[in-house]
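Novice: Just passing along the structure, written as structure tokens.
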């Protein structure tokens, strides 16, 4: 089944403890992206990647890192999480030049 | 991208047609209208898109006015599972999904 898989789906962690949210897609998509969603603020883009080794900042990149070493994977790294990064995170992917995104199921992160 | 305007919320009775409007008065000739929906805390899901002709798929119909300044997404026989936030996005077709903004959308509630 064509899908975007995120892990973990739920995580509670503490301030400053590095964590990685993984994202993997099996559709051979060139483009991948991370969004966060907070009440009243909608979906905001964190980082995106046009292809392997090509990444760029979205609207809210502060406090996050990404890497794109392989086409199928696009992990989101929080080097030193803070409580304001408590949020619902979504990974999405699509073919280059397309606007029809496939989203993952979401990862709910709580930073205490 | 052209700006879109959607009502904040709408209600519809189960089994009736749900008609969700979107205003995009500054749309350019090469911009498509895309619709996504997000069921509570799930990843957004693509529904349909169109340029100027009406479009229909298994999920919905999209009616675009002749001047293309507005459109309506129609869910012909709404069910409780159609309760979601619906996003109308205007985008150049081959622009790609980078910096794709979802806005606040319309919160549709289907009532039994």
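The values are calculated or read from the model by the stated rules, or taken from the named source; none is laboratory data. Remember, predicted model here, so these are calculated numbers, not experimental data. Cβ: placed from backbone, ideal geometry, glycine included. Neighbour counts: every protein chain shown.
Novice: Considering each residue of region A:96-112, count those that are surrounded by 15 or more Cβ atoms within 10 Å (Cβ to Cβ) and more than 7 Å from chain B (Cβ to nearest Cβ), and give that number.
Specialist: So the count comes out to 5.
Novice: Tell me which residues, restricted to region B:25-45, are at the interface with chain A (Cβ under 10 Å from one of its Cβ atoms), surrounded by 18 or more Cβ atoms within 10 Å (Cβ to Cβ) and in a strand (DSSP E or B).
Specialist: Across region B:25-45, the qualifying residues are B:32, B:34, B:36, B:38.
Novice: Being modelled with pLDDT under 95 and either touching a strand residue (DSSP E or B) at 6+ places or on another chain (Cβ under 6 Å) or part of a strand (DSSP E or B) (or both) narrows it down to one of A:100, A:21, so name that one.
Specialist: Checking each option against the conditions leaves just A:100.
Novice: Residue B:53 - would you say it is touching a strand residue (DSSP E or B) at 6+ places or on another chain (Cβ under 8 Å), modelled with pLDDT under 95 and loosely packed, with under 14 Cβ neighbours inside 10 Å?
Specialist: Answer is yes for this residue.
Novice: Would you check which residues across region B:77-104 are at pLDDT 95 or above and either within 13 Å of chain A (Cβ to nearest Cβ) or surrounded by 17 or more Cβ atoms within 10 Å (Cβ to Cβ) (or both) and list them?
Specialist: Passing the criteria: B:78, B:82, B:83, B:84, B:85, B:86, B:87, B:88.
Novice: Among A:25, A:45, which is the only one that is out of contact with any helix residue (DSSP H, G or I) (no Cβ under 8 Å at 6 or more places or on another chain), crowded, with 16+ Cβ neighbours inside 10 Å and under 30 Å from residue B:8 (Cα atoms)?
Specialist: A:45
Novice: May I ask you to say which residue of A:68, A:36, A:44 is assigned to a loop (DSSP other than H, G, I, E, B), within 14 Å of chain B (Cβ to nearest Cβ), farther than 18 Å from residue B:95 by Cα and within 15 Å of the chain's Cα centre (by Cα)?
Specialist: Among A:68, A:36, A:44, only A:68 is assigned to a loop (DSSP other than H, G, I, E, B), within 14 Å of chain B (Cβ to nearest Cβ), farther than 18 Å from residue B:95 by Cα and within 15 Å of the chain's Cα centre (by Cα).
Novice: If you don't mind, there's one more thing I want to ask. Check A:81, A:8 and return the single one that is away from chain B (no Cβ under 11 Å) and over 14 Å from the mean Cα position of the chain (by Cα).
Specialist: A:81
Novice: Could you check residue A:50 against (1) more than 10 Å from the chain's Cα centre (by Cα); (2) at pLDDT 95 or above; (3) crowded, with 18+ Cβ neighbours inside 10 Å and say which number it fails?
Specialist: (2)
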